[in-house]
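Here is the structure we will look at.
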Amino acid sequence: MRLIGVAAVAAAGMFGLSALAAPPAQAAESQKVTVTGEIIDSWCYLSEIMWAEGSAHHRCAVWCARGGVPVGILGEDEEVYILLMMENDPSVIGNKAVFRMQTNEVVVTGDLYERDSVKYLAVNEVVEDHGIVNYSHEEFDIQPGGL
């Protein structure tokens, strides 16, 4: 079975079938934006596990971010903006400033990129950090997060 796969790949290369692949996408244009919203981890928000917002989710959100789950901002406009960069630090994964801001309401400015309906945000500046303002633990209790 393995030989057939290798032969198929070799034949595809020989006959130029790789030219049938879609052309590479062009880089998206960015626009300057200001976004207000809550810092979230995208997995818990998407899966709706552990209520994924506010103080009930804080500990879990920190551990998700530490584990490499993409961090986003749930904007007041109910859009999710996936963070690409935080204040000129391309290391969003493992960025201690991002850990400290999990579940906080923030106002940020940055460059917005959009592709296939996904919004990506390179944050240039955290203009305001209001801390946690969504006290969801009163309704949902504190959710586990690996401690």
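The values are calculated or read from the model by the stated rules, or taken from the named source; none is laboratory data. Only a predicted model underlies this, so the values are computations on that prediction, with no experimental measurement involved. Cβ coordinates were reconstructed from backbone atoms using ideal geometry, including for glycine residues, and neighbour counts include every protein chain displayed.
Return only the number of the condition from (1) among the hydroxyl-bearing types (Ser, Thr, Tyr); (2) outside any helix (DSSP H, G or I); (3) touching a strand residue (DSSP E or B) at 6+ places or on another chain (Cβ under 7 Å) that Tyr45 does not satisfy.
Here Tyr45 meets the rest and fails (2).
If a residue has to be at pLDDT below 95 and of a type in the set (D, E, K, R) to count, how many in region 126-143 make the cut?
Residues that pass the stated criteria total 3.
In region 136-146, is there at least one residue being in contact (Cβ under 8 Å) with a residue 60 or more places away in the chain, over 21 Å from Leu46 (Cβ atoms) and either of a type in the set (S, T, N, Q) or touching an Asp or Glu at 6+ places or on another chain (Cβ under 8 Å) (or both)?
no
If you scan region 77-123, which residues turn out to be assigned to a loop (DSSP other than H, G, I, E, B) and closer than 16 Å to Ala65 by Cα?
Narrowing region 77-123 to residues assigned to a loop (DSSP other than H, G, I, E, B): 77-79, 87-88, 90-95, 102-104, 116-117.
Those that are assigned to a loop (DSSP other than H, G, I, E, B) and closer than 16 Å to Ala65 by Cα: Pro90, Ser91, Val92, Ile93, Gly94, Asn95, Gln102, Thr103, Asn104.
Going by the structure shown, is Val126 crowded, with 16+ Cβ neighbours inside 10 Å, in a helix (DSSP H, G or I) and free of Cβ contacts under 8 Å to residues at least 60 places away in the same chain?
Taking the combined requirement at face value, the residue does not satisfy it.
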